[in-house]
1. Under the condition of being at pLDDT 90 or above and β-branched (Val, Ile, Thr), which residue from region 48-79 is surrounded by the fewest Cβ atoms within 10 Å (Cβ to Cβ)?
2. Before we move on, is SER11 closer than 23 Å to LEU79 by Cα, surrounded by 11 or more Cβ atoms within 10 Å (Cβ to Cβ) and modelled with pLDDT of 90 or more?
3. Looking at region 13-50 only, could you name the residues that are of a type in the set (A, V, I, L, M) and in a helix (DSSP H, G or I)?
4. Among (1) modelled with pLDDT under 85; (2) touching a strand residue (DSSP E or B) at 6+ places or on another chain (Cβ under 6 Å), which single condition is LEU5 missing?
Amino acid sequence: MIKLLQITIPSASGIVRVKNATVQKSELTVDDIKDGIILHNSIFAFTLQKIGSLLAVYELHFNEATFLVGTDDNVKVTL
């Protein structure tokens, strides 16, 4: 089962911390995920036109993340 999680951090200085993460090259391609990325960063469409075929997608897998968005505003998420 694949769990997808999207959290918007309200501060540009937000930090995400995870422990025991694994990284692996994804079976997805940049073309598979481009719409979601372009939605958050429209400049990515230009990048895809120029070098999209050279990009690879990697996945981070973890069970728990802590979002630090301020001195008193931390959120722990467990998947």
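The values are calculated or read from the model by the stated rules, or taken from the named source; none is laboratory data. Just so it is clear, the model here is predicted, and its values are computed rather than measured. In this analysis, Cβ positions are derived from the backbone assuming ideal geometry, glycine residues included, and neighbour counts consider all displayed protein chains.
1. ILE51
2. Spelling it out, it is not the case that SER11 is closer than 23 Å to LEU79 by Cα, surrounded by 11 or more Cβ atoms within 10 Å (Cβ to Cβ) and modelled with pLDDT of 90 or more.
3. Keep residues of region 13-50 that are of a type in the set (A, V, I, L, M), which gives 15-16, 18, 21, 23, 28, 30, 33, 37-39, 43, 45, 48.
Once the filter is applied, which keeps residues that are of a type in the set (A, V, I, L, M) and in a helix (DSSP H, G or I), region 13-50 yields VAL30, ILE33, ILE37, ILE38, LEU39, ALA45, LEU48.
4. Going through (1) modelled with pLDDT under 85; (2) touching a strand residue (DSSP E or B) at 6+ places or on another chain (Cβ under 6 Å) one by one, LEU5 breaks only (2).
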